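Let me begin by presenting the structure, written as C-alpha coordinates, before commenting on it.
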Amino acid sequence: MPLPDPTGHADSGPVSVAIIMDGNGRWATSRGLPVAAGHREGTRALRRTVEAAIELGVPSLAVYAFSTENWARPADEVAALMEILADTIDRELPDLARQGVRTRFVGRRDRVPAGLRAKMERLEAETEHRDTLMLWIAFDYGGRDELVEAARRIVEDGLPPEAVDEQAVAARLYAPDLPEIDLLIRTAGEMRISNFMLWEAAYAELVFTETRWPDFGEHDLREALAEFATRDRRFGAR
(Lines give C-alpha, C1' and ligand atoms only; values in the text may rest on other atoms or scores of the structure.)
Protein backbone atom coordinates (compact mmCIF):
# COMPACT_ATOMS: atom_id res chain seq x y z
CA MET A 1 0.00 0.00 0.00
CA PRO A 2 1.19 3.60 -0.49
CA LEU A 3 3.12 5.09 2.39
CA PRO A 4 0.94 7.28 4.60
CA ASP A 5 2.20 10.82 5.15
CA PRO A 6 3.58 10.85 8.72
CA THR A 7 3.13 14.63 8.98
CA GLY A 8 -0.64 14.26 8.97
CA HIS A 9 -1.01 16.27 5.77
CA ALA A 10 -2.68 14.93 2.66
CA ASP A 11 -0.84 12.05 1.01
CA SER A 12 2.09 13.58 -0.81
CA GLY A 13 1.90 10.83 -3.41
CA PRO A 14 4.61 8.60 -4.85
CA VAL A 15 8.06 9.91 -5.64
CA SER A 16 10.95 9.25 -7.96
CA VAL A 17 13.57 7.51 -5.83
CA ALA A 18 17.26 6.88 -6.51
CA ILE A 19 19.63 4.77 -4.43
CA ILE A 20 23.41 4.71 -4.26
CA MET A 21 23.85 1.06 -3.31
CA ASP A 22 26.95 1.21 -1.13
CA GLY A 23 28.55 -1.14 1.37
CA ASN A 24 28.71 -4.52 -0.40
CA GLY A 25 32.45 -4.86 0.14
CA ARG A 26 32.37 -3.85 3.79
CA TRP A 27 29.42 -6.16 4.40
CA ALA A 28 31.41 -9.08 2.97
CA THR A 29 34.66 -8.20 4.75
CA SER A 30 32.92 -7.96 8.12
CA ARG A 31 31.78 -11.57 7.61
CA GLY A 32 35.09 -12.89 6.36
CA LEU A 33 33.69 -13.36 2.86
CA PRO A 34 35.08 -12.36 -0.54
CA VAL A 35 33.89 -9.03 -1.92
CA ALA A 36 31.99 -10.83 -4.70
CA ALA A 37 29.79 -12.43 -2.02
CA GLY A 38 28.74 -8.96 -0.94
CA HIS A 39 27.86 -8.00 -4.48
CA ARG A 40 25.79 -11.16 -4.90
CA GLU A 41 23.96 -10.47 -1.65
CA GLY A 42 23.38 -6.98 -2.99
CA THR A 43 21.36 -8.40 -5.89
CA ARG A 44 18.99 -9.97 -3.37
CA ALA A 45 18.68 -6.60 -1.65
CA LEU A 46 17.83 -5.06 -5.01
CA ARG A 47 15.02 -7.50 -5.62
CA ARG A 48 13.40 -7.03 -2.22
CA THR A 49 13.80 -3.25 -2.47
CA VAL A 50 12.11 -3.17 -5.87
CA GLU A 51 9.27 -5.31 -4.50
CA ALA A 52 9.01 -2.96 -1.50
CA ALA A 53 8.89 0.04 -3.85
CA ILE A 54 5.99 -1.59 -5.70
CA GLU A 55 4.20 -2.19 -2.40
CA LEU A 56 4.77 1.40 -1.29
CA GLY A 57 3.55 2.91 -4.54
CA VAL A 58 6.88 4.24 -5.83
CA PRO A 59 6.62 4.50 -9.63
CA SER A 60 10.30 5.13 -10.48
CA LEU A 61 13.44 3.72 -8.89
CA ALA A 62 16.98 4.39 -10.14
CA VAL A 63 19.93 2.48 -8.69
CA TYR A 64 23.67 3.01 -9.04
CA ALA A 65 25.08 -0.38 -10.00
CA PHE A 66 28.44 0.38 -11.65
CA SER A 67 30.11 3.76 -12.11
CA THR A 68 32.52 4.95 -14.78
CA GLU A 69 35.13 5.04 -12.00
CA ASN A 70 34.52 1.42 -11.00
CA TRP A 71 36.64 0.22 -13.94
CA ALA A 72 39.63 1.15 -11.75
CA ARG A 73 38.78 -1.60 -9.27
CA PRO A 74 40.76 -4.87 -9.32
CA ALA A 75 40.20 -6.80 -12.55
CA ASP A 76 38.76 -9.84 -10.77
CA GLU A 77 36.19 -7.68 -8.97
CA VAL A 78 35.17 -5.97 -12.23
CA ALA A 79 34.81 -9.36 -13.92
CA ALA A 80 32.70 -10.59 -11.01
CA LEU A 81 30.43 -7.54 -11.25
CA MET A 82 29.86 -8.19 -14.96
CA GLU A 83 29.03 -11.82 -14.23
CA ILE A 84 26.72 -10.87 -11.37
CA LEU A 85 24.77 -8.43 -13.55
CA ALA A 86 24.38 -11.12 -16.21
CA ASP A 87 23.10 -13.55 -13.56
CA THR A 88 20.74 -10.90 -12.18
CA ILE A 89 19.29 -10.31 -15.64
CA ASP A 90 18.76 -14.05 -16.08
CA ARG A 91 17.47 -14.95 -12.60
CA GLU A 92 16.03 -11.94 -10.76
CA LEU A 93 14.79 -9.33 -13.21
CA PRO A 94 12.46 -11.59 -15.28
CA ASP A 95 10.43 -12.34 -12.14
CA LEU A 96 10.24 -8.62 -11.38
CA ALA A 97 9.03 -8.13 -14.95
CA ARG A 98 6.17 -10.49 -14.21
CA GLN A 99 5.29 -8.12 -11.36
CA GLY A 100 5.09 -5.25 -13.84
CA VAL A 101 8.62 -3.85 -13.64
CA ARG A 102 10.09 -2.23 -16.73
CA THR A 103 13.90 -2.19 -16.70
CA ARG A 104 16.08 0.37 -18.45
CA PHE A 105 19.87 0.64 -18.30
CA VAL A 106 21.40 4.12 -18.08
CA GLY A 107 24.99 4.85 -19.05
CA ARG A 108 27.57 3.90 -21.63
CA ARG A 109 27.23 0.69 -23.61
CA ASP A 110 30.47 0.66 -25.60
CA ARG A 111 32.64 -0.79 -22.81
CA VAL A 112 30.21 -3.48 -21.68
CA PRO A 113 31.04 -7.02 -22.89
CA ALA A 114 29.03 -7.90 -26.00
CA GLY A 115 27.21 -10.83 -24.40
CA LEU A 116 26.13 -8.77 -21.40
CA ARG A 117 25.10 -5.88 -23.64
CA ALA A 118 22.86 -8.24 -25.60
CA LYS A 119 21.21 -9.41 -22.38
CA MET A 120 20.61 -5.79 -21.31
CA GLU A 121 19.03 -4.90 -24.64
CA ARG A 122 16.87 -8.01 -24.67
CA LEU A 123 15.52 -7.32 -21.17
CA GLU A 124 14.74 -3.73 -22.11
CA ALA A 125 12.79 -4.90 -25.15
CA GLU A 126 10.94 -7.62 -23.25
CA THR A 127 9.82 -5.28 -20.45
CA GLU A 128 9.04 -2.27 -22.63
CA HIS A 129 5.30 -2.36 -21.96
CA ARG A 130 5.42 -3.06 -18.20
CA ASP A 131 4.07 -0.12 -16.24
CA THR A 132 3.90 -0.90 -12.51
CA LEU A 133 7.37 0.47 -11.77
CA MET A 134 10.22 1.86 -13.84
CA LEU A 135 13.57 0.43 -12.74
CA TRP A 136 16.57 2.40 -14.01
CA ILE A 137 19.90 0.61 -13.55
CA ALA A 138 22.84 2.99 -13.88
CA PHE A 139 25.64 0.85 -15.28
CA ASP A 140 28.95 2.26 -16.53
CA TYR A 141 27.39 5.55 -15.55
CA GLY A 142 28.89 8.85 -14.39
CA GLY A 143 27.08 12.14 -13.97
CA ARG A 144 29.92 14.20 -15.42
CA ASP A 145 30.30 11.78 -18.32
CA GLU A 146 26.58 12.12 -19.02
CA LEU A 147 26.79 15.92 -19.13
CA VAL A 148 29.87 15.86 -21.37
CA GLU A 149 28.05 13.51 -23.74
CA ALA A 150 25.01 15.82 -23.76
CA ALA A 151 27.26 18.76 -24.63
CA ARG A 152 28.87 16.74 -27.41
CA ARG A 153 25.45 15.92 -28.86
CA ILE A 154 24.47 19.59 -28.78
CA VAL A 155 27.57 20.40 -30.84
CA GLU A 156 26.93 17.51 -33.23
CA ASP A 157 23.34 18.67 -33.70
CA GLY A 158 24.59 22.14 -34.62
CA LEU A 159 22.49 24.05 -32.11
CA PRO A 160 23.21 27.79 -32.09
CA PRO A 161 24.21 29.24 -28.69
CA GLU A 162 20.84 30.95 -28.19
CA ALA A 163 19.08 27.57 -28.53
CA VAL A 164 21.08 25.93 -25.74
CA ASP A 165 18.91 25.85 -22.63
CA GLU A 166 17.91 23.37 -19.94
CA GLN A 167 15.50 21.60 -22.25
CA ALA A 168 18.20 21.17 -24.88
CA VAL A 169 20.54 19.56 -22.34
CA ALA A 170 17.85 17.39 -20.74
CA ALA A 171 16.79 16.05 -24.14
CA ARG A 172 20.33 14.76 -24.72
CA LEU A 173 20.92 12.97 -21.45
CA TYR A 174 21.32 9.19 -21.45
CA ALA A 175 17.63 8.73 -20.54
CA PRO A 176 15.65 11.93 -21.24
CA ASP A 177 12.45 10.33 -19.94
CA LEU A 178 13.96 9.50 -16.53
CA PRO A 179 12.03 11.71 -14.10
CA GLU A 180 13.84 14.19 -11.91
CA ILE A 181 14.89 12.56 -8.65
CA ASP A 182 12.78 13.51 -5.62
CA LEU A 183 14.56 11.35 -3.05
CA LEU A 184 18.18 10.19 -3.18
CA ILE A 185 19.20 7.54 -0.66
CA ARG A 186 22.76 6.45 0.05
CA THR A 187 23.48 3.38 2.13
CA ALA A 188 26.42 2.41 4.36
CA GLY A 189 26.93 5.75 6.07
CA GLU A 190 28.84 7.68 3.41
CA MET A 191 27.63 11.24 2.84
CA ARG A 192 28.39 12.08 -0.77
CA ILE A 193 26.69 11.56 -4.12
CA SER A 194 29.70 10.14 -5.98
CA ASN A 195 28.99 11.55 -9.44
CA PHE A 196 25.48 10.09 -9.54
CA MET A 197 22.60 11.79 -11.36
CA LEU A 198 24.12 15.28 -11.10
CA TRP A 199 21.48 16.78 -13.39
CA GLU A 200 18.48 14.67 -12.39
CA ALA A 201 19.08 15.06 -8.63
CA ALA A 202 19.52 18.85 -8.67
CA TYR A 203 16.68 19.32 -6.17
CA ALA A 204 16.57 15.87 -4.63
CA GLU A 205 16.12 15.42 -0.92
CA LEU A 206 19.05 13.42 0.46
CA VAL A 207 18.71 10.64 3.02
CA PHE A 208 21.77 8.78 4.35
CA THR A 209 21.48 5.50 6.22
CA GLU A 210 24.09 3.46 8.08
CA THR A 211 22.54 0.25 6.72
CA ARG A 212 24.85 -1.46 4.27
CA TRP A 213 23.24 -2.28 0.96
CA PRO A 214 23.03 -6.08 1.38
CA ASP A 215 20.95 -5.50 4.55
CA PHE A 216 18.67 -2.87 3.00
CA GLY A 217 15.00 -3.67 2.60
CA GLU A 218 11.41 -2.53 3.01
CA HIS A 219 11.90 -1.11 6.52
CA ASP A 220 14.78 1.09 5.35
CA LEU A 221 12.92 2.27 2.26
CA ARG A 222 9.83 3.01 4.32
CA GLU A 223 11.91 5.05 6.80
CA ALA A 224 13.52 7.04 3.98
CA LEU A 225 10.13 7.80 2.44
CA ALA A 226 8.80 8.85 5.84
CA GLU A 227 11.76 11.21 6.24
CA PHE A 228 11.13 12.58 2.75
CA ALA A 229 7.52 13.31 3.66
CA THR A 230 8.67 15.63 6.46
CA ARG A 231 10.85 17.77 4.18
CA ASP A 232 9.72 21.24 3.11
CA ARG A 233 10.65 21.39 -0.57
CA ARG A 234 10.85 24.94 -1.90
CA PHE A 235 13.01 24.44 -5.03
CA GLY A 236 14.90 27.66 -4.39
CA ALA A 237 11.89 29.74 -3.37
CA ARG A 238 11.29 31.08 0.15
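The values are calculated or read from the model by the stated rules, or taken from the named source; none is laboratory data. Computed from a predicted structure; not experimentally measured. Heads up, the Cβs are rebuilt from the backbone with ideal geometry, glycines too, and the neighbour counts pull from every protein chain shown.
Please enumerate the residues belonging to region 182-198 that are among the aliphatic types (A, V, I, L, M), within 13 Å of Met21 (Cβ to Cβ) and exposed (fewer than 15 other Cβ atoms within 10 Å of the Cβ). None; the set is empty. Screening the candidates Glu156, Glu83 for the property of being more than 21 Å from Ser194 (Cα to Cα), surrounded by 14 or more Cβ atoms within 10 Å (Cβ to Cβ) and without any contact (Cβ under 8 Å) to a residue 12 or more places away in the chain yields one hit, Glu83.
Taking only region 212-231 into account, find how many residues are part of a loop (DSSP other than H, G, I, E, B) and either surrounded by fewer than 21 Cβ atoms within 10 Å (Cβ to Cβ) or among the hydrophobic types (A, V, I, L, M, F, W, C) (or both). Break it down into steps so the answer makes sense when it comes.
If we filter region 212-231 for residues that are part of a loop (DSSP other than H, G, I, E, B), which is where we start, we get 212, 216-217, 231.
This time we only want the ones that are either surrounded by fewer than 21 Cβ atoms within 10 Å (Cβ to Cβ) or among the hydrophobic types (A, V, I, L, M, F, W, C) (or both), so: 216-217, 231.
Residues flagged as part of a loop (DSSP other than H, G, I, E, B) and either surrounded by fewer than 21 Cβ atoms within 10 Å (Cβ to Cβ) or among the hydrophobic types (A, V, I, L, M, F, W, C) (or both) within region 212-231 amount to 3.
Yes/no per residue for (1) at pLDDT 95 or above; (2) within 20 Å of Leu135 (Cβ to Cβ):
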site	(1), (2)
Arg31	yes, no
Ala36	no, no
Val50	yes, yes
Val58	yes, yes
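Matching residues to (1) at pLDDT below 95; (2) within 16 Å of Arg108 (Cβ to Cβ); (3) part of a loop (DSSP other than H, G, I, E, B):
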| position | (1), (2), (3) |
| --- | --- |
| Asp145 | no, yes, no |
| Glu149 | no, yes, no |
| Arg153 | no, yes, no |
| Gly158 | no, no, yes |
| Gln167 | no, no, no |
| Leu173 | no, yes, yes |
| Met191 | no, no, yes |
| Met197 | no, yes, yes |
| Glu200 | no, no, yes |
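It is to be established whether one or more residues within region 209-217 are out of contact with any strand residue (DSSP E or B) (no Cβ under 6 Å at 6 or more places or on another chain), more than 30 Å from Leu116 (Cα to Cα), of a type in the set (Gly, Ala, Ser) and in contact (Cβ under 8 Å) with a residue 12 or more places away in the chain. The answer is no; no qualifying residue exists. Select from region 46-64 the residues that are outside any loop (DSSP other than H, G, I, E, B) and either without any contact (Cβ under 8 Å) to a residue 12 or more places away in the chain or of a type in the set (A, V, I, L, M, F, W, C) (or both) and write down the one among them that is surrounded by the most Cβ atoms within 10 Å (Cβ to Cβ). Among those that are outside any loop (DSSP other than H, G, I, E, B) and either without any contact (Cβ under 8 Å) to a residue 12 or more places away in the chain or of a type in the set (A, V, I, L, M, F, W, C) (or both), it is Ala62.
Restricting attention to region 12-45, the residues that are closer than 18 Å to Ala80 by Cβ, assigned to a loop (DSSP other than H, G, I, E, B) and within 18 Å of the chain's Cα centre (by Cα) total 3. Taking the criterion of being over 19 Å from Glu41 (Cα atoms) and either touching a residue at least 24 places away in the same chain (Cβ under 8 Å) or of a type in the set (Gly, Ala, Ser) (or both), the residues of region 68-80 that qualify are Thr68, Glu69, Trp71, Ala72, Ala75.
What about Pro179, is it surrounded by fewer than 19 Cβ atoms within 10 Å (Cβ to Cβ), touching a residue at least 24 places away in the same chain (Cβ under 8 Å) and not in a strand (DSSP E or B)? Break it down into steps so the answer makes sense when it comes.
Details: surrounded by fewer than 19 Cβ atoms within 10 Å (Cβ to Cβ): yes; touching a residue at least 24 places away in the same chain (Cβ under 8 Å): yes; not in a strand (DSSP E or B): yes.
In short, yes.
In region 91-110 there is at least one residue matching the filter, namely being outside any helix (DSSP H, G or I) and among the hydroxyl-bearing types (Ser, Thr, Tyr).
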